[in-house]
Structure formats: structure tokens, C-alpha cells
């Protein structure tokens, strides 16, 4: 047989790795077999479409799917799949929502010419228009070259602080196309912005002032709901007053305005208008009939409800290049086919365009111009999907191109639940479609290319087959009587052909003419060097030789010296066979192959939000105990707080209740009372369950001097604090101890370093310590945990320190003492070098649920990469884990909104000594009650400092003042007890208050109040305090009176992330307040500021505003390991006063959790169901 004389084929001859190791062929990026030309004829594609159609139909009818839930009752959509080689669509699906026929505007029944708003797909068409008009030669040129107004702004601010002004000289045309400009997403100063600022800024903080006010910054002549200025003058008049979001080319930062600027630059380059260029360069050449820059015909539109409600007719004006376009599935198919076919661009230009330009926090997601590029759910090899989504008004859209298959997908929708419907339908199409496209390509390759090719007049032979691995397999390659393939196979190698992207200009020709395509022989070094297998098995190409194949009847064409070149390169290959090359490629590619399938699987199940233990809950260790009615337990660090080492319990992984405190008696760890350092104390509990008993092991360190002691506590009742034992105390070389019971009965102790030694849990006797692994980066290896699974010991540790470089890595060995082999996908968990809201992710622990699904818990900080404002400290987050038999665990990346394995039914049927995390405090200190279990102190409080409902003072908490105030002598070396009681701040936004019902001081500086407290060197206080009034009595003695005092403590020697000072505010107690209960209030008005105020309980609306302070004061500095607590105190401030304070009506109410991407989850009371 021979290749069809109408097929132009360019192939790369690829030598796969040695069969000495497990065979994993390495292929060039791109299609592994020729792009199918008749995909619609393959049985694989037909079967896929049947499955896809059924899945979509089921999703519409039931609303409940394995891909998520949706409600299609009010959302219409159009879906189309097409090929670059087939003019008609491969699959079309239009769904008319029941209410569409009742819409007052637009079509009543959808077809392929019905028009939808595109939203941000407009950005893609703007870039396409730019490339079709002038190409990409200007991509590295500064935008100031083409927008003179920006050049003027740049000149005005050249040398100014780059935080205050956008560096226009450093922003290129290319960065505008790819979200790398660093510009903010929207323009400030547009209509409605001031109201948004008022809602977001804390009281007392002035709004930005534009002086002078730029022209058109608030133009009311063309109002629109998107706050976009009318025209070029309006945008450029506003933009000079913007602050940058990121430095140019730092990383992707979404910006709509960038695409307006791109259109302005194109207008300068061509001296034309952008809408006219769109028409002349794109819509007319492609014959588009339903694509509009603005003002699309209403009667052809898909318009849910009416034009006003759906925003179909809203003109985005100068924001059109970012989100104003309209189109239909027919036109979007033509656009997609034109891109894949290089109709308007040269093939080289198209190849450059269909490439990523920057990374994201997700290893399976990249950013192009302006492509949103995702790894397809295909386990066999890497396939990338080039997508662009859009959302505007009632419209949600998506375009997906898969160049490897020559396939495009259009999804357009309109209605009330477009986001959920889009997610489900797109997941169905990708999850079913991509594997079907891969099978279809293999099927066509088998039918068209597999077989034997012979050269006329000789025995030169080429035998090609298609198997499950990438590429076409060459099983025989005889030239001049020598079978080259046999030689390779003898040493365990293979020869495979993959497309090279090189295509002949002509069709079939006779012998002696240039062949149809050029095939490069790519030789790759092999990941094998003796039994240690330390090399990657997919390194970079090390040699290349060209061999021409002819597609005509002659079959294979002899190129003269080709065989000699082949053997020369073969010897070069053997040389590189011994080199250590591209180790990290294996790790990266392995992770990218797994993560998309993991994400796809997880999306089918249940969802939840992080953190699961909000507020200061650091260094989590979690277990599942079936014997405790399928309960989960998590322990977290407590450092200097008492009671300490909290244990939380849950039956659904969502509702967590304080079960007990391991450390509830001073006798257990008396060293806490003498610990000077604000970060000393009990670090990193490991919680384990073994043969009916709970074990909690922890390290104590005073931090300075550095010394570590181990403490091991046990109990059979984790719901009672008093049931935890006195500790077994033993010496430790380092922090973060963990215990592991092996099958032979030995118990091992692991701790930072990474060290291992045996331990006798009865006597505390220790065996010799040895380092069993230094980690992946060998930088601050800590927090080890060992898991035995499938004959391996898996050793998981944290690295990088609990800062932005924090991450989790893993290694395994057949022997518990090693040697340990690092996972190829390390780090297995990290948000390092990303823009994610959740940062410092690490110090993780893994556990299973009742269904044997794996989960993980880790610490994280809600700070974003700026890492300046994170008052809640290190919190506990949950993530699903996939851990197949004999494989490495795959940990889902930590985000605010997560999809995971099916969660147990929501329930609060769990025992415990304290409340559920996140519940409000409504505490009135009734007679007979105790101090709530979740209240804590900083070290041990003074003896008898607190009493509930003391005789004569029912429904109060009595606080006897300490001599020391909340700062005391910190950061000096003296420890003083404080009369301070607190609870963890568990919500980004909250209101905390107490009523001071009785406080009659006589001595100057006697004080009681409320605090937002991180450490003794970083806290915000509002107190009622006795101070001089400035007056003297008849005897000349200075008079004292009650005052309200707002005071910020930010000790310079251990300063927080706040640079500056906030003056103390002192006000006389308002007239009429004395003798009445006074309410002291702390409110986190947003994620960045706290507000302190006071009011008379008799007149609660007459609020006395006392001060506002930034959350950066409660971030970093002396408290990088802790988090903010709020509570009440009483002190004589070093004086002789002894007046007791009585407080009541303790209230804490969460208002909302910020989980990233501008999303806030409001407080929602638990409802059974």
C-alpha cells in the first residue's frame, strides 16, 4: 500500500526512550497523529456524540449531574462542534428555555443564526482584528509609541513612585493582548465608582480625590451599567489617575481597559476606526452575517425577558473591544475554522498566536493573547485547549479550540442561571468530547496510514502501525537491506512518527521531486542510569536529521546519505543516553497530565468553601476514626494560648465543633507561664488514633534560646478536656514531631530535619536519631508525616518556611529508613509564585473518609501574594486527594471554593465541649455557667482573675485587673500575667461587643476594655479608663474622670506590616453615660480595617466613633505564626488600682468570609437537611 496522493503529510521521526525503563514515549508538542480530515465519519466520534447528547439532555431534564447541578428552566443555549476540515458543523444543539417564547424581545426559537452577546470573547476578536490588520511585529513595542496621551502621562510621571502611577513606558502592545499590562481591571472614577468606594472604605478613611478632575471621568451624557467612559478622551482622561495592579509583565492581571487601549493603538497605526477595521479585516473576508461590534439587531437576538433586563441593547461604548461584541454559532464556527486554517493569518503567525505567554497559579492553566489555555482531560498525553469565556448581562459564552484535533467548540447562552449551566454543559462536552476526538484521530490514522510501504524496484520498506501510545509506530525500516528499526528495537528503543507542522507546497510528484513533507528524526536522551533511575524518562531532543518521504506511488524515497546521517545521529543519541538532562520536565509534565483529570473528577461531586477552620488554626493534623461513629478530628497549634492544643470534631467535614483542649491544666506544660517570646510555646500538634486510643504529640520551644522538648498526651475520650493525660516528656532535636506505628510493632518518631528514631510510648525512651530525607529543595524541611500504602512508606513534609515559599513535598521508600525517592511531581501542594488569595499553603496531613476517599488538610494564609494584610493568620484548609494504588498522591490545589469527593450528609450530631466554629457568640454568663470552652488567655491568667455571676453580680463575668496591661514589658525578657480573655476571630467581617455593666475606678489608669489582639507587641484596644480631666478641685488636687481611650500598640522593635503611626484618641465619657452600661464595639468593616466605637446601652444608636486601624498592624511582625483574637481585659496599667470590672452580653457575630476573587460568603446559620 502507499500514502494517498492527495494527502500532504509532514512527520517527525521520534526515538522513544529505552525499554530498560517502563516505556513512556516522548513526543513533540502538538498532534501525535495527523489531524483527522473526516472525523465525523469515525465510529469513535459518532459514539461520543451519542453519549454527549444524552448527557446534555439528562442535565436539562434533571438538573442534577455528575458534573454539577444546574437549572436550565430559564437559560437558553446554543452549542456547536466543528472541524477545520469539514465545512458543516459536526454537532449542533440549540436549547430554548421554556420562558423564551414569552420574552417581549428577540427570537422565539433559536437557530444557528440567532445572535448572543459575547462578553469577553470580544477580547479575542479584538486581538484577531489587530493581528489580521498589522500582525504581531509591534508586540514588543511600548504602547506609548502609538498612544501619545500615554506618552505624555509617562513623561509627566517618569521617576515617580511606581506604586502610584502606571509605568506606561514598560507596557508593550503584546502585554495589552495577554493580561500582562499590570493595569487594574476597571477604571476608577467612572459612573457609580464613588458609591462602591463608600461601601468598601472604612469610616474615617477619605475617598480618593482627583485634582484636577479629568475630563469625561464622570461623563453622565452616556450612562451605562458598566461604568465605562464614553470615548477615547474619557478613558484616557481617567486612566492617568489609576494605580497599577501589578508591575508590567509581572504576571497575569485581568484588565478590560487594556483592550480599549489596544484598539486605540491599532487606530493610530492604521489611521482608521476600530469598528471599520473589524469589518474590513475580519467580518467581510470571512463572510460573517451575524457579528457586530455594537447595536446588533434586536429581532435576531436571544433576549431573555426583555432587552432591558438582559442588557442586550446596552452599548458598552469605548469598552466595546473588551466586551461589546455580538455573534451567532454560525459565525463563531467560521471564525474558529479561520483561526485553525490560518485563513486571515499566516501559518507561522497562527502558531505564534496559539501559544501561551504567561503562567497562572494553576499548573494546568496558562494565558495567551488573550487565550485562557487549559490542559484537556486526557491521561495519555498533553493536549491543550485554547479557550476564551465571556460574561455580560444575562449572557455567558465560551469558545474552545483544540488544534491537536482541528476541532472547535462554540457555546453561547442567555438567561438567569448562565454560569451554572455553562459550567455543566462545557464540562460534559470536554469530558466526553476530548477522549472521543483522540480515539477518532487514532481511528483515522489506522485506516489511512497504517500498513506497509515499499519503494519500487527495491526492498526498501517502511511498516507503520498505530497503537495506544502517541505517534505512528515504525516496526520496520529497511533501507539498502538494513532494518534500522530492528537495531533500535534491539536496545529497547522505538521509532515513532509525529507531525512536524511542515507541509509541501505541491501535491504528489514523481521520483526525484521534493516529497510531501519533511520528517525530522528527533533523538532523545533516556531517563535511565543504572538501578537508581534518577534521570527523567522524557528529556529534551538531542539531535535532528531530515529525511524526506514521498507520498506518491513510489512510497519511500532514498535521500542518498540519509541512512548514514541516521546512524551518525544514532551514535550521538547513545552518547546523550548517559547524560543527566531535564529532570524537572518529568515532574512538571506528570503533574499537568494528572491535575486536569483530578479537577474533572472532583467537579462531579460536592463542593465547599475554605477555610474549614477559619481564623487562627495553624499546623493542622487530621484523622478519621470509624469507631467514633465515623467522626473526623483535627488538632491545631496554640503557641502561648491557654487552654491550648484544641481538638475539633466533625461528621461532615464542614461543621466543626470544639471537642476539647489537650492542654487544659497548667501542670501539663508549666513552661508556658515562663515563655517570653511571643512566638514560643506549643508548636504543631500531630493527632493520631491507634488501637482505641488518641495520641497528641507536640513540641515546646521557648524560641529563644532555641531548645525543644517533646510532649505526648493520650486519651480515650477526645470530647473532654479533663480526660487528656499528663504528658510523657522527652527531648527533641527539632520541632514538629509525628508518630507512626509500623506493622512489626515498632513505633517511630519523625520530626523536622527530617529525622527518624524509635520511641517507647510508655517510658519515652528514644533510639538513635538519623536523617532519612533532606527534602526536595532542602530548605527548612519540617512537619513530617509517614503513611504506609501499597508496600511503600510515603514521607510527606512541608518546606520553605511558613511564608510565601511554603509548599508540601513527598517521597517514598520500600524501607521506613530509606533511601527515599522524591516524587516527580514535587511540590505536590503549593500556591507559591501565584496570584491566589490563599498563600503559604503547606504543613499538610492526609486522611481517608468512610468511603476510603482521601482528603488533606493544610495551613494557608488569606493574604494574596502581597502578604501584607492577613490578620486571621494561618488557617486550616481542606482539599481532596486522589491516590491510586501504587501511585503518588495527587493533591487538589487550594482555592476558596472547592469541589471534592462526596461529603457526608450535613449534620451537627457530634459531641464536644465547645461551640461549632463560625457560630456566633451569644453569651450572658448565667449563674451556674462557666467560662466558655473556646475562650483562651495569653499564657496563664492571674489566679482568680475571672468569675462568672459572682454573688451580687448575676449574668456577668468579673475581671480582676492585672498590674500588667496587654503590652506589659514586651518585648523585654520579663513575663507578667494578664487579665485577658479572648476568642479567635473566625470571620473576615464581624462585629464583637461586650457591655461594661459595672466599673467604678478610683485610681488613675485603671482600665477595662476590648481588644483585637495578635501579640503583646501588636494589638488594638478600646478602653474605659480613669484619667485626669485637666481640672482641679477646691483643694487644688487634680480631678480624675472616666474617659474612652483608643490606643494602637505596634512596638517598633517587632513592627508589623504597618508602616506609620496612629495617634491615641482620648475622649471624656459623654455626659449621661456614667452609671449606665456601656457597650464597647470592635468591627471588621472589611478585610483591611477595624473600627472601634462605644455607645450607651440606654441609647445604642448614639455611637461614639473612636478610631479606625489597618489590619496590617495585626499581620506579621512579632506574630507571623499566630492570628487575631478579640476579647476583654482589665488592668491597672502598672498602678495600684484594684477595681474589678463586670462585663455582660458578650456578642460575636460573623458577617462574611472573603474567599478570593472578590467573593464573600455571607454568614449563614446551620440548617438541618
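We did not get these values from a lab; they are worked out from the coordinates using the rules stated. All figures in this text were calculated on a predicted structure; none of them were measured in a lab. Counting neighbours? That spans all protein chains shown, and the Cβs are built from the backbone with ideal geometry, glycine included.
Ordering of 456-469, 425-438 by packing is 425-438, 456-469, highest average first (other Cβ atoms within 10 Å, averaged per residue). Gain on full extension, evaluated as 0.36 nm per residue between residue 41 and residue 704 minus their Cα-Cα distance, stands at 231.3 nm. Normalised by residue count, the range 921-1154 yields a Cα convex hull volume of 137 Å³ per residue.
Between residue 308 and residue 247, the FRET efficiency from the beta-carbon distance, with R0 = 30 Å, is close to 0.15. Remark: the range 605-900 projects, on average over all directions, an area of 14.4 nm² (convex hull of Cα atoms). Using the Cβ-Cβ distance between residue 475 and residue 380 with R0 set to 25 Å, the FRET efficiency works out to roughly 0.80.
With all pairs of different C-alpha atoms in the average, the Kirkwood value for the hydrodynamic radius of the range 340-464 is 17.1 Å.
Expressed per residue, the C-alpha convex hull volume of the range 690-755 stands at 97 Å³. Note: relative contact order over the range 605-900, using C-alpha pairs below 8 Å and six or more positions apart, is 17 percent. Protection proxy ranking of 669-680, 316-327, by the mean of other Cβ atoms within 10 Å over each peptide's residues and highest first, is 316-327, 669-680. Report the calculated FRET efficiency for residue 151 and residue 231 (r = Cβ-Cβ distance, R0 = 22 Å), to the nearest 0.05. My answer for the efficiency is 0.70. With the simple spin-label model, which puts each label point 7 Å out from Cα in the Cβ direction, the residue 1076 to residue 887 separation comes to 6.8 nm. Label zone of residue 341 (point 7 Å out along Cα→Cβ, amide N under 12 Å): in the range 80-122 this covers 83-89. Relative contact order for the range 274-334: 40 percent, from Cα pairs under 8 Å spaced at least 6 residues apart, divided by residue count.
For the listed peptides 79-92, 914-927, a ranking on the average number of other beta carbons within 10 Å per residue, highest first, reads 79-92, 914-927. If you look at the Cα atoms of the range 951-1017, you get an Rg and a Dmax of 14.2, 40 Å.
Spin-label pair residue 268-residue 690: with each label point 7 Å from Cα along the Cα-Cβ axis, the two points sit 7.0 nm from one another. With no solvent and one point on each alpha carbon, what is the Debye value of log10 I(q)/I(0) for the range 46-442 at q = 0.10, 0.13, 0.14 Å⁻¹? So the normalised log intensities work out to -0.67, -1.12, -1.28.
Modelled spin labels at residue 298 and residue 607, positioned 7 Å past Cα toward Cβ, are 3.4 nm from each other. Its relative contact order, with pairs defined as Cα atoms under 8 Å and 6+ residues apart, puts the range 921-1154 at 33 percent. In terms of its Cα atoms, the range 27-108 spans 51, 30, 25 Å along the principal axes, sorted from long to short. In units of the compact-protein estimate 2.2 N^0.38 Å, the range 810-931 shows a Cα radius of gyration of 1.38. The length gained by stretching the chain between residue 447 and residue 758 to full extension, at 0.36 nm per residue less their Cα-Cα distance, is 105.7 nm.
Here the gap between residue 1032 and residue 943, fully extended at 0.36 nm per residue and compared with their Cα-Cα distance, gives a gain of 28.3 nm.
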